[in-house]
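The values are calculated or read from the model by the stated rules, or taken from the named source; none is laboratory data. This one's a predicted model, so the numbers in the text were calculated from it and none came from an experiment. Virtual Cβ from ideal backbone geometry, glycine too; neighbours counted across all protein chains shown.
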Amino acid sequence: MTRFGTCVLHKWTVSRSRPTLEPVSGEDVMLVVANVSQVPLLYDVHRAARLTGLAPARLRQWARSGLFAPSHDAGVGEPIYSFDDVVGLRVLAILSIEHEISTARLRKVGVRLREISDSPWSRLKLCVAGKEILFVDSKTNRPISAVHFGQAVFEPLLDLKRVEAAVRADALKMKERRTESIGKVARDRGAAVIEGTRLRPSAIAAMVSRGLSKRWILDQYPSLREDDIRVSVAYANERKHRRRSA
């Protein structure tokens, strides 16, 4: 069974006054949370897949069906996710893979939860009771059924802060690149990518053609350098020339 980073479940303890939250392991886990500005702001479908454990094909299908549509549209024909989106997708991965909750049920729950929050999978505190997904009411601090509103159940709680911290730590690791890989195009499973990343030159070139500045692109993709943008544009132009000459 897949486990994601430092994500753990907690249990609710009922007392006469109010429920309290205790770690199942009984151990305090210290988390070093990096500044949000240090992690990339946007993620293509391949990087999102690496951070969530979900296949790119599944992410594309979820985006098309509306189960989880990315909040950002870069106009490049592929899903582009924010950091907040990736956290939400990691929560969905935990529910889908670890708790074996079906896509149909996730879709049904998602519709109801969007009545409460625009980003339910990354903003709401969620609980799992068997195949039932619950959310923590912000007013009462009690878990309530996401499908049968008003039904309160005390069950394990998914620690969203730990999920976010794990995603952030993994995202920071993805920024690391070898100097010699900068400004080069490589092949990854038959597709052209910027060496040392999963970013496709065609996607970077499409952003440039839409008028997005180099500074904007570098801010959204901290692992990139100006030479990567230059080689992406050159690669795209060369492909266009070959198609015209064919």
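Quick rundown of the values:
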{"item": "Residue that is nearest to SER122 (Cα to Cα) [pool: residues in segment 82-93 that are of a type outside the set (Asp, Glu) and modelled with pLDDT of 90 or more]", "result": "GLY88"}
{"item": "Only listed residue being surrounded by fewer than 17 Cβ atoms within 10 Å (Cβ to Cβ) and not aromatic (Phe, Trp, Tyr), chosen from GLY88, GLY66, GLY110", "result": "GLY66"}
{"item": "Residue within segment 59-78 that is among the aliphatic types (A, V, I, L, M) and assigned to a strand (DSSP E or B) present", "result": "no"}
{"item": "Residue within segment 126-145 that is among the charged types (D, E, K, R), buried (at least 16 other Cβ atoms within 10 Å of the Cβ), out of contact with any Gly (no Cβ under 9 Å at 6 or more places or on another chain) and touching a residue at least 60 places away in the same chain (Cβ under 8 Å) present", "result": "yes"}
{"item": "Filtered residues of segment 125-181 (kept if modelled with pLDDT of 75 or more, under 28 Å from LEU41 (Cα atoms) and either part of a loop (DSSP other than H, G, I, E, B) or over 20 Å from the mean Cα position of the chain (by Cα) (or both))", "result": "LYS125, VAL136, SER138, ARG178, THR179, GLU180, SER181"}
{"item": "Residue in segment 209-218 that is touching a residue at least 40 places away in the same chain (Cβ under 8 Å) and part of a helix (DSSP H, G or I) present", "result": "no"}
{"item": "Single condition GLY53 does not satisfy, out of (1) farther than 23 Å from PRO201 by Cβ; (2) buried (at least 19 other Cβ atoms within 10 Å of the Cβ); (3) out of contact with any Lys or Arg (no Cβ under 7 Å at 6 or more places or on another chain)", "result": "(2)"}
